[in-house]
Each structure stands twice: as structure tokens, then as C-alpha cells.
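The structure appears right after this line, and notes come after that.
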Amino acid sequence: MTAKTAATTSTGRLARLLALVPYVVNRDSVALEEAAEAFGITQKQLIDDLNLLWCVELRAPDPYCPIDLSYEGGEITVTEAESIARPLRLKVDEASALLVALRMLAGIPDLQDRDALSRVIAKLESAAGAAAQAAGKVAVEVDARGDTLRRLREAIGDGRRVHLSYYVPARDENTERDVDPMRLLVVEGNTYLEGWCRRAEAVRLFRLDRITALRRLDVPAQVPADAEPRDVDAGLFRPSPGDTPVTLELTPQGRWVADYYPCDEVTELGEGRLRITLRTPDTRWIRGLALRLGDQGRVIAPADLAEDIRADAARALKLYF
């Protein structure tokens, strides 16, 4: 591995930080150059990691237990790192969340290394005790559309372009596009195809449950060399400064909106009602959404949009009389 291929995402960095301390401890001291080469990063990246490790401490059982390290003279040494060997103790909510996430992962069709994942779940359930019982009451279903997932895996493996009919909820329309597949990934409980969209001439993510039709093309996939996979560690939603914030109040029957669309804020109002705020570059689809919701929700801000929706509803009612 070279510095050019080292992971630059927050997930990659976390994995590196977790491995860096035992790597140095087991060798007493390591040269900066040697450690950077071992982890496939530059010396500057390594120094940034070391500076971050200075902030690490164990909160319990000791009130303050920092890891002490030094890289003066180009040699890395680590002391006071005994706490890293202490077993991880998860709280009930932490263990439950981990078990639910693992079971969701196990529900993905055609998952590789399913046996290894099953063993991990079994061991965690055995160690978690009451937390495992709580997690067992949560039913998790991954809507990955097994046949679509299988065909996309085959297209990726064979390096073939695909044609998608894809529903865009923001515009309430189906679109047709050719895509050169790059990878499949699960983010926030949903499965996505990441690929080079020939229509947008950019990398795009396509949620599998919004793919209404899929056709494999007899054309090799040609992803541009400079196409960058999207960093999804911070989630999918990337608001723009020019987007319009829209606030809706939803009844219990309209809560699905908060699950289906990315929200800036979600506030419980009691009795199952929600107030949500989301952002959009085009409010036209919000007008359509509000009409579909009917008495299950209403737009309360911005005021001019709410007034436009009332006018839309009044015109629609006239068609029935």
C-alpha cells in the first residue's frame, strides 16, 4: 500500500488510529518514516494522527488516563497505553444498537462471509445478556430488492453498463439514465448503487428501492479515471446554501415523510405528531407532497409556500364541484 492509495475517509482514519498504538507499543519505538510506509500514508498524515492521539483518554474507571506519546527525533514512542488492553464494556443501548445493525447487515441478500457474521452475532448475544433480549424485539428488514441487487452485482463483476429507470422523489418523476456501476453500499439502512451517471456526467448514488426497471447493456462500463467514490461517513445529505428550508407538521399517519426524506430537524410534538425541517433547491415538489399528504400533514413555513399550497388545494377542490 502506498500513500496515494491509503484511505482518506474518517472510517479509514479511525481504523488506522486503532491500529497505530499497538503497532508502536509492540516495537517499543518506531521511526516516523517506517511507520508512515507501513500504514501507506505520508509522514505529515502520520504526525496529524499522532497529534490526535494525544487527545485520547479513558474516562472510566480512572478520571483521567491519557495515552502519552512522543515523536521527537523522528522516533515514535508510546507509554501509559495500558488502558487500551482493557476489555470494551458496552452499555445496554450501545450493545442493542450494535446487534440491530449486525442483523440488518445479515439480512442483505448474497452477503459474503455470512458465516463469520453469524458467529460474531452469536458471540455478542452471549456476552450482551439483557441487551441481546432488548435487541431481539426489534425486527429489521432490508429492502434491497434481491433480484435487482443480484443483477447489479453481476454487472459490477463483469464490468458492464446498466440502464436504469429511476424514481426521483424530489421531482416526483421517473428518469431514464445509463450508469457505469462502481460499487454497492449500505448507508443508514438503505442499499445504494454508486456509479458514473452518463446523464449527469458525475458520480451519483441510486437507492435500490427507487430503481423501477433495470437492464444490463452490452457495453463495457467506462468510469473516468478521476471519478471519486463518495464519502458517505457523514451521511448522504449535502445541503446547499441556496436551498430553501421548509417546515412541516405531520400527524402519526404522515410520519413516513421523516423516514423517506433527509431532514435538518425532527421534533416530537406529542401524541405521535412531528415537526420536521428539510431543505430543497426547488419547492415545486413540496407542493405536490403537501397535496398528497392531505390531512396527514401541512406546511407551516415559509408562509408564502404555505399560501401557495392552500391555493393549489382550493383549485383542486373546485374540480369536484
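The values are calculated or read from the model by the stated rules, or taken from the named source; none is laboratory data. Everything numeric in this text was worked out from a predicted model, so none of it was measured. So basically every Cβ, Gly included, is an ideal-geometry build from the backbone, and we count neighbours across all protein chains shown. What goes into the accessible areas is simple: the full protein's heavy atoms, side chains included, and nothing from ligands, DNA or RNA. Shrake-Rupley method; radii C 1.70, N 1.55, O 1.52, S 1.80 Å.
Is it fair to say Leu289 is open to solvent by less than 30 Å² (accessible area, probe 1.4 Å), more than 24 Å from Val187 (Cβ to Cβ) and aliphatic (A, V, I, L, M)? When the stated conditions are applied, Leu289 does not pass them. Among the residues in the stretch 69-82, are any closer than 22 Å to Pro229 by Cβ, at pLDDT 75 or above and either surrounded by 12 or more Cβ atoms within 10 Å (Cβ to Cβ) or of a type in the set (Gly, Ala, Ser) (or both)? For the stretch 69-82, residues closer than 22 Å to Pro229 by Cβ, at pLDDT 75 or above and either surrounded by 12 or more Cβ atoms within 10 Å (Cβ to Cβ) or of a type in the set (Gly, Ala, Ser) (or both): absent. Among the residues of the stretch 30-44, are any open to solvent by less than 30 Å² (accessible area, probe 1.4 Å), closer than 24 Å to Pro229 by Cβ, assigned to a helix (DSSP H, G or I) and modelled with pLDDT of 85 or more? Yes, that holds for at least one residue.
I'm trying to understand the selection: among the residues of the stretch 275-321, which are among the hydrophobic types (A, V, I, L, M, F, W, C) and over 19 Å from Pro245 (Cα atoms)? Listed by number, the residues that qualify are Ala311, Ala313, Ala314, Ala316, Leu317, Leu319, Phe321.
Among residues of the stretch 201-214 that are within 20 Å of Tyr260 (Cα to Cα) and part of a strand (DSSP E or B), those with a Cβ under 7 angstrom from a residue that is β-branched (Val, Ile, Thr) and modelled with pLDDT under 90, sequence gap 6+ or separate chain, pair up as Ile211/Thr148. Of the helices (runs of 4 or more DSSP H) contained entirely in the stretch 86-197, those carrying at least 3 residues that are modelled with pLDDT of 70 or more and open to solvent by less than 50 Å² (accessible area, probe 1.4 Å) fall at 92-106, 114-128, 146-158. Residues in the stretch 277-321 that are touching a Lys or Arg at 6+ places or on another chain (Cβ under 7 Å) and without any contact (Cβ under 8 Å) to a residue 40 or more places away in the chain: Asp308, Ile309, Asp312. Residues that are at pLDDT below 90, loosely packed, with under 12 Cβ neighbours inside 10 Å and basic (Lys, Arg) occur in the stretch 224-244; there is at least one. Applying the set (1) closer than 15 Å to Gly297 by Cβ; (2) at pLDDT 85 or above; (3) in contact with a helix residue (DSSP H, G or I) (Cβ under 9 Å, 6 or more places away or on another chain); (4) open to solvent by less than 70 Å² (accessible area, probe 1.4 Å) to Ile211 leaves exactly one unmet item: (1).
Please specify each residue of the stretch 174-200 satisfying the condition of being hydrophobic (A, V, I, L, M, F, W, C) and without any contact (Cβ under 8 Å) to a residue 24 or more places away in the chain. Matches in the stretch 174-200: Cys197, Ala200. Condition check for Gly270 on (1) at pLDDT 85 or above; (2) out of contact with any strand residue (DSSP E or B) (no Cβ under 9 Å at 6 or more places or on another chain); (3) closer than 25 Å to Arg151 by Cα: one failure, at (3).
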